[in-house]
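Quick note: the coordinates plus some simple rules give every number you see, no bench work behind them. Quick caveat, the model's predicted, so the values are computed rather than measured.
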Amino acid sequence: MIEFKQSALLALVRRYYPRGSAWNDHDHNPPPDLPEEIKRLAALWERELANDETWQRLKQTLRDCLSQGVGEMSVPVHDAGRRCAVYLDHFKDVPRGQPARIVVGAVSLIAPLYYVYGVNRTYDDPRNPDQLLVELPPGEMKEVGEVVARCIEQVYDYRPLPVELARVPVEGLCMDHMRFEGWTLLEALFTTDPANLP
């Protein structure tokens with residue numbers, strides 16, 4: 001099991017993201033001279049996608065335990081983890097201008113860690129961006145988040161990333177060609193855009 005200290009996690013993510021800038025990670029024809037860090041992350045995804053029975057079992061376990069819909073949110077190769085979302089509100093049932101509540105469970109490909117967080121999404125107001133909730137608020141979101149966490153632990157036997165480590169800055173690494181600073185361990189271990197859900 002990995003040592004869950006800040007320094008160890010920072011050293012670990014540096015193995016999967018290059019320093020400085022990299023190729024356009026949305027380009028479907030990447031150059032042959034990719035940095036070794038990107039090749040390592042791509043190799044993890046290749047193995048994960050070739051053998052994803054555990055991930056499928058997690059999604060089925062969530063569907064068996066929860067009455068809400070469970071959706072796939074993983075972005076292969078681009079992110080360092082897999083994500084699924086539990087929709088507490090159907091967007092058609094949310095009053096205009098009000099956010100729909102979504103609980104997200106993420107498992108890392110680069111460490112035996114998971115994280116459960118929330119997103120408030122306002123579908124009909126482009127001026128209101130999706131709001132990331134690094135900590136789930138009390139009530140239904142927190143209760144559903146606890147179920148998601150139990151299911152991940154049951155299926156994966158992973159440990160949660162503590163909130164204080166999720167917020168730790170990760171400096172000097174290129175995780176996305178559109179942004180070069182302001183990253184956190186949450187983004188480096190799971191997804192570069194946690195609030196972005198289809």
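Here are a few things to note about the model shown:
- Of all DSSP beta bridges confined to the chain, the antiparallel ones make up roughly 95%.
- Contact order, relative form, for the stretch 108-187: 26 percent (alpha carbon pairs under 8 Å, 6 or more residues apart, mean separation divided by residue count).
- Using 0.36 nm per residue and subtracting the Cα-Cα separation, the extra length available between residue 159 and residue 15 on full extension is 49.8 nm.
- Shape call, the stretch 17-162: gyration tensor on alpha carbons, a/c limit 1.5: oblate
- Lysine pair count for the chain (Cα-Cα distance under 28 Å; residues 8 or more apart in sequence or on different chains): 6.
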